[in-house]
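One structure below.
The values are calculated or read from the model by the stated rules, or taken from the named source; none is laboratory data. The structure displayed is predicted, hence computed values, not measured ones. Backbone-built Cβ (ideal geometry, glycine too); neighbour counts: all protein chains shown.
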């Protein structure tokens, strides 16, 4: 019981890590990133390439995260520029299609160029006992990293000037611009940051089991689900939604079976959106 | 617009349907091209339906494949299990799709869901539908799918006749679309696609409009889904998957032009051409497809029909200028 709960929290944190980037990019850029799962895979591929060069696994992991971040910066400064020229619904629609196209490009290229790819990172000690419950170190490591990342993000948004600018743009882009904030520059930083978090989630998948190039769409859908259940504009909401859905999934898989578990997960997500149509913790950031 | 005689108001639609009806004259001898043309007509019909749901009333349904698929599966399973005639099972299947569409629309209005929230709720339904079809193996035969060869009308087994049947259904859908858009409801649709709150304040029943649009659109999805399933000979989950229905229909609508009469037709036709163009690239086809998508959308952001209309209007203006000068 406790083991399942902990397992769910670990899975949930990984989901939150994946979804927080979608929340940030949507909140700040008004673009729903449909290539977010592909960013995660890009991070994994970069880490694998570094590993193949003989780089130490920890450094390779960091390199992968940075690689994903650079890729995010590139996408923001090139592909998304046409979308940023518009506001509101038009930007959302154009962004939707552009990122969908990007996801096809990434999937198509990676599946072609790295058809045999799989990233598996093994930690030196696979299991540890915590309060008598055997826990996988992979899960603990990921959770620790995710918690640190979330903490850092909250501190950053709450107490730094850049963080405050970011929150002001999320609140009202035109208003922020009138106060002398440059939304474009801030947006680029955030897209890079969001891509780095996606890359981290991808590498975490490599720690858990293995990451393949075909997992992009699945990641995107899971990330979207978590971000929207959390309210798509609230970071706290995303964190809570990820952990909540992770726990639901762990219990459903443990007691009912993997096939029905996915249906239950989706139904719970649907029900949550219908019960709290503006997000799990509406207006709380 | 509405005081022009009916005959000249719809010349573009009539001309297009006639043009589509001439396709078998060229393609009838190569079954492959005839099949592509038939599929394109199915996607045109779906895009007309999606134009009503998303274009005019801004309801982002991402369960289009699931709507079409539920109609096809209800029809196929009922026909197979109870040996009923298609005249009974097809209406039941279509009604299932209509019911689902109305349900989503009603729930979203009731709970005040935003565009993205409705999108994700319906996307979750899409995935549930796919998993249910795979799970209820005893009825649906799982991934392999149900053979529908002898369940439908014998007409559907003849390629050219089937093509004309789909054209007839498409013409019917367009007729209903034109009729609705010229009625009071059509004015209400235009008003609420501009600004929902203003529309509501000026006395338009936005809830009713949205539900009617969703009902009509879902009916189109159900009808084409059922007929497509019967025509295809096999109803399988991949036939109605998110990638095979929702994404092409969304792209076709945006490519052709939202809230236009001919946009869905032009967009779906162009999409069929793109698919054929991309096919020879084999393993790299997904990559090429993505690049094309990005380039086309950056170039024709407002949709092809709007772009053409502007270009046409511009040249008319230039002729006027030339004759006076």
What's the number of the condition residue B:27 fails, among (1) under 22 Å from residue B:217 (Cα atoms); (2) in contact with a helix residue (DSSP H, G or I) (Cβ under 7 Å, 6 or more places away or on another chain)?
(1)
Sort out which residues of segment A:45-98 are within 19 Å of the chain's Cα centre (by Cα), in a loop (DSSP other than H, G, I, E, B) and more than 29 Å from residue B:301 (Cβ to Cβ), and write them in order of number.
none
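Just to be sure before I move on: is residue A:184 under 19 Å from the mean Cα position of the chain (by Cα) and either surrounded by fewer than 18 Cβ atoms within 10 Å (Cβ to Cβ) or under 30 Å from residue A:211 (Cα atoms) (or both) in the structure I sent? Even if it seems obvious, please write down each step before you answer.
Working: under 19 Å from the mean Cα position of the chain (by Cα): no; either surrounded by fewer than 18 Cβ atoms within 10 Å (Cβ to Cβ) or under 30 Å from residue A:211 (Cα atoms) (or both): yes.
No: the conditions fail for residue A:184.
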Only one of (1) within 12 Å of chain B (Cβ to nearest Cβ); (2) farther than 21 Å from residue A:151 by Cα is not met by residue A:232, so which one is it?
(2)
Considering residues that are in contact with a strand residue (DSSP E or B) (Cβ under 6 Å, 6 or more places away or on another chain) and over 24 Å from residue A:38 (Cα atoms), the number found within segment A:104-127 is 1
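If you take the residues of segment A:263-283 that are out of contact with any helix residue (DSSP H, G or I) (no Cβ under 6 Å at 6 or more places or on another chain) and within 9 Å of chain B (Cβ to nearest Cβ), which of them is surrounded by the fewest Cβ atoms within 10 Å (Cβ to Cβ)?
Looking at the filtered set, the residue picked out is A:275.
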Checking residue A:115 against (1) away from chain B (no Cβ under 14 Å); (2) touching a residue at least 60 places away in the same chain (Cβ under 8 Å), the condition it does not meet
(1)
Determine which single condition residue A:127 fails, assuming it passes every other condition in (1) closer than 21 Å to residue B:252 by Cα; (2) at pLDDT below 85; (3) touching a helix residue (DSSP H, G or I) at 6+ places or on another chain (Cβ under 8 Å).
(1)
Could you check residue A:26 against (1) over 26 Å from residue A:131 (Cα atoms); (2) modelled with pLDDT under 90 and say which number it fails?
(2)
Output yes when any residue across segment A:224-244 is assigned to a helix (DSSP H, G or I), at pLDDT below 90 and surrounded by fewer than 20 Cβ atoms within 10 Å (Cβ to Cβ), and no when none is.
yes
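Among the helices (runs of 4 or more DSSP H) confined wholly to segment B:104-211, which include 2 or more residues that are within 14 Å of another protein chain (Cβ to nearest Cβ) and under 22 Å from residue B:62 (Cβ atoms)?
Here the list reads B:115-135, B:184-194.
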I'm told residue B:268 meets every condition in (1) at pLDDT below 85; (2) touching a helix residue (DSSP H, G or I) at 6+ places or on another chain (Cβ under 9 Å); (3) surrounded by 14 or more Cβ atoms within 10 Å (Cβ to Cβ) except one. Can you identify the failing condition by its number?
(1)
Quick one: how many residues across segment A:245-261 are within 12 Å of chain B (Cβ to nearest Cβ), part of a helix (DSSP H, G or I) and free of Cβ contacts under 8 Å to residues at least 12 places away in the same chain?
3
Any residue at all in segment A:123-140 that is farther than 30 Å from residue A:4 by Cβ and not in a strand (DSSP E or B)?
no
Take the conditions in contact (Cβ under 8 Å) with a residue 24 or more places away in the chain, at the interface with another protein chain (Cβ under 9 Å from one of its Cβ atoms), closer than 30 Å to residue B:136 by Cα and out of contact with any strand residue (DSSP E or B) (no Cβ under 8 Å at 6 or more places or on another chain) and apply them to residue B:250. Does it pass?
yes
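If I filter segment B:67-87 for residues that are within 14 Å of chain A (Cβ to nearest Cβ), over 30 Å from residue B:273 (Cβ atoms) and crowded, with 23+ Cβ neighbours inside 10 Å, do I get at least one hit?
Looking through segment B:67-87, none of the residues is within 14 Å of chain A (Cβ to nearest Cβ), over 30 Å from residue B:273 (Cβ atoms) and crowded, with 23+ Cβ neighbours inside 10 Å.
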Going by the structure shown, is residue B:253 within 13 Å of the chain's Cα centre (by Cα), part of a helix (DSSP H, G or I), under 21 Å from residue B:98 (Cα atoms) and modelled with pLDDT of 95 or more?
no
When you go through (1) in contact (Cβ under 8 Å) with a residue 40 or more places away in the chain; (2) within 14 Å of chain B (Cβ to nearest Cβ); (3) part of a helix (DSSP H, G or I) one by one for residue A:105, which number turns out not to apply?
(1)
Scan segment A:74-97 and report the pairs whose first residue is more than 11 Å from chain B (Cβ to nearest Cβ) and whose second residue is loosely packed, with under 15 Cβ neighbours inside 10 Å, with Cβ atoms within less than 7 Å and a gap of 6+ or a chain change.
A:84/A:184
Looking only at residues that are touching a residue at least 40 places away in the same chain (Cβ under 8 Å) and more than 8 Å from every other protein chain (Cβ to nearest Cβ) in segment B:273-306, which one is surrounded by the fewest Cβ atoms within 10 Å (Cβ to Cβ)?
B:276
Does residue A:201 fit the bill of being modelled with pLDDT of 90 or more and away from chain B (no Cβ under 14 Å)?
yes
